[in-house]
Ligand SMILES: *Cc1c(COP(=O)(O)O)cnc(C)c1O
């Protein structure tokens, strides 16, 4: 293949591509076409390294990990890939010669709609870090035709539009039709004595769905490693259609075709809430089975005996959505490779490791047995046998104690408990922040912890500093490099060298200039693109994340309303101007979350319409928060709002993106906030509210009455008056008072207001503020996903780096 390494070659190939792809000369190209051409050129450029990477992995038979996740929230890839192959400046300059500005090209790329929020973004950061660290690790997921909805705000309310992100194609992918595999659904499965008397499984009258892989290259950071993100698309098979037609049933044949294609059509829009829909279960089995079949095929070709599978292959499951990998590997090893149950079980549990993401009971996956059995009859037989053997072991240790069995059963109450399956069938169970991992042991997964204490461990989340600092905030990146050199780019913990510069007035001044610049860039963008006017000299206080009651956007907006009321009563009040920025999608079926969006927009309007308040306060709800918008917001933030009810947020990763960009955390002792606070101390973060153990104690022992707070605190009573603005808000009032405020909004209100005053007090001390900002950046290195992934590689996967 002809490729490019110099500007001259770039320009020559660019002109050729313009002709071949669009039959245009360069002057006629639209920005979108320029984007498509460059993406194609980068794909060509890295194809040799991609092939080479795979060759070396296969030749050396290195141990590899496959990271299964039902979401990968990738964000745009053009800038990332240019940075990774070190071609950004060359490309920028060549385009300039053609009369294009690279900055105008980036926005042409739609955000791939392959994820919801934190869990999917984590998976994207993790494959980025695996490639950066030259670890043989690949992603495995679904190629959803429609992503999470496009969010519009109309009359203050969320409206969901379909996100047809693939409309103009996805130039980063390569379809691999020859690597397709078949996945079976339905039919009947039973055991029958085979040769020599051993039982063999018969599975008949099933439907097959064809799984076709689309591979996306995952580039290491300037190191020639190119790993693979494999996305599966569901297609119907002609054979199967013919099969139905042979029985004379034309309608059934078309129905089958429709159903098959449905499987990879939509991403489910729920974050942190479980949805027990049949199609979702089909998605889960679909990508797990396809992924594992293709891994096994590749493994047998290059590595050899399935008996040694676990020596070479690690399988990681990001939450329980891919937990069917456990019975599926059992199926392949027994039914297709002829191994015994005992050997298969040893190989399976040695291969699989599980990351838990939540303690919210409403988010733990459970499937109805009749549905599961009908859809996956062979897999059900295996799960049933796993459960039987497991409960036998439990009975032996605790004879006659049925409650012990109930706590840990995989099949119970006519349901399949996916978390139980994941723990029993893996060798490692990790939480995603220290606090979360402790809560798993003493609470959520306590009975399992007493059985398998050695399986439980912690891997605190991280984010890729390449995207969230280097790419998003070049101004800050330049300042850091000017100050401490470039070592930190490859070794982010070396950002610590920045800490002493917090005491350097000249450095702090430059840091303040960078922050000011980033606030102006954001203000300009919002003015131009969304007709929103911000005061860039106000404090930018930002809460961007999925809308959820446990994340308590409600607490934030009630405090804003409290400020508004104070200003109306006392217009002379001396406060620093504040801009409160919100962003986040609410699941379409999550009523309270959608009403909270309405409430935020109502308060925004109240303030805009009142001169006394509008001079000092501004509230904006930005529609369609996604990775690309995030990349503009994190660099512009002064204050990072991380105010979830303690114990509810497993880790959070937004908190880390803010930290890399020098914002001060205003947070509860929850998730990774605890570790951020541990890094920077009380002096450089502002912590408030109930602690996790206090929250848990209230849940277990009672003793909290939100009515008591309402009756005794005039500020709370006054703040809740905003809920009388619109009858819709009655639902929120009910949740806070009549349903006793499950998330302790009123309980934490007073200490949150005090914490906000503390923020203002600190902001007035410019020197202290930018010292804190410096300390946060310096300690952010610990929250790079490079650190997380190195821990996974060392402590769970037993994986070594491979030079390419
Ligand atoms: C980082 C990120 C999240 C996760 O944010 P949290 O504050 O940790 O919930 C969600 N969505 C997008 C687009 C992100 O970039």
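Each value in this text was obtained by applying a stated rule to the coordinates, not by laboratory testing. Remember, predicted model here, so these are calculated numbers, not experimental data. A quick note on method: Cβ atoms are made from the backbone with ideal geometry, for glycine too, and the neighbour counts reach across all protein chains shown.
Going by average Cβ density within 10 Å per residue, which order do the peptides 173-186, 276-289 take, highest to lowest?
The densest-packed peptide leads the list: 276-289, 173-186.
So, by mean Cβ neighbours within 10 angstrom, what's the order for 771-778, 697-704 with the highest one leading?
771-778, 697-704
Label residue 374 and residue 153 with points 7 Å out from Cα along Cα→Cβ: what is the distance between them in nm?
4.3
Using a Förster distance of 30 angstrom, determine the FRET efficiency expected from the C-beta separation of residue 92 and residue 273, and round it to 0.05.
0.10
Among DSSP beta bridges whose residues both lie in the chain, state the antiparallel percentage, nearest 5.
Just about 45 percent of them are antiparallel.
What is the Cα centroid distance between region 215-272 and region 14-35, reported in whole angstrom?
31
Can you compute the FRET efficiency between residue 238 and residue 384 using 1/(1 + (r/R0)^6), with r the Cβ-Cβ distance and R0 = 35 Å? Round to the nearest 0.05.
0.55
Rg/Rh for region 484-643: what does it come to with C-alpha atoms and Rh from Kirkwood?
That ratio equals 1.02.
Tell me the mean residue ellipticity at 222 nm calculated for the chain from its helices only (DSSP H runs of n ≥ 4, each -39500 (n - 2.57), averaged over every residue, nearest 500).
Helices in the chain give a 222 nm mean residue ellipticity of -14500 deg cm²/dmol.
Would you work out the Kirkwood radius for the chain? I mean one over the mean of 1/r across all pairs of different Cα atoms, in Å.
28.0 Å is the Kirkwood radius here.
Compute the length gained on full extension between residue 721 and residue 301: take 0.36 nm times their separation in residues and subtract their Cα-Cα distance, giving the result in nm to one decimal.
In short, 144.4 nm is gained.
Between residue 794 and residue 490, what is the FRET efficiency for a Förster distance of 22 Å, r being their Cβ-Cβ separation, to the nearest 0.05?
Once the sixth-power term is evaluated, E becomes 0.80.
List the relative contact order of region 223-262 as a percent without decimals, with contacts defined as Cα pairs under 8 Å and 6+ residues apart.
43
Run the simple label-point estimate for residue 407 and residue 612 please: 7 Å along Cα→C-beta, distance reported in nm.
5.8
If you take the C-alpha gyration tensor of region 465-783, multiply each eigenvalue by 5 and take the square root, what semi-axes do you get, largest first, in whole Å?
The three semi-axes for region 465-783 are 32, 22, 18 Å.
Beta carbons within 10 angstrom, averaged per residue: use that to sort the peptides 371-377, 569-575, 11-17, highest first.
Top to bottom by mean Cβ count within 10 Å: 371-377, 11-17, 569-575.
Could you pull out which residues in region 236-280 have an amide N less than 20 Å from a spot 7 Å beyond the Cα of residue 731, following the Cα-Cβ vector?
269-276
Give, in nm to one decimal, the length gained when the segment between residue 204 and residue 570 is fully stretched (0.36 nm per residue of separation minus the Cα-Cα distance).
Once the chain is fully extended between residue 204 and residue 570, it gains 124.1 nm.
Given a cut-off of under 8 Å on Cα pairs at least six residues apart, what relative contact order in percent is computed for region 465-783?
The normalised contact order for region 465-783 reaches 23 percent.
Please compute the modelled spin-label separation between residue 767 and residue 261, points set 7 Å along Cα→Cβ, answer in nm with one decimal.
6.9
Quick one: Cα centre-to-centre distance for region 651-677 and region 784-798, in angstrom?
20
How big is the gap, in Å, between the Cα center of region 574-588 and the Cα center of region 162-178?
34
For Cα pairs less than 8 Å apart in space and 6+ apart in sequence, what is the mean separation divided by the residue count of the chain, i.e. the relative contact order in percent?
13
Quick check for you: which residues of region 195-220 have the amide N under 16 Å from the point 7 Å beyond the Cα of residue 249 toward its beta carbon?
Inside the label zone: 204-209.
Give, in nm to one decimal, the length gained when the segment between residue 362 and residue 451 is fully stretched (0.36 nm per residue of separation minus the Cα-Cα distance).
29.6 nm
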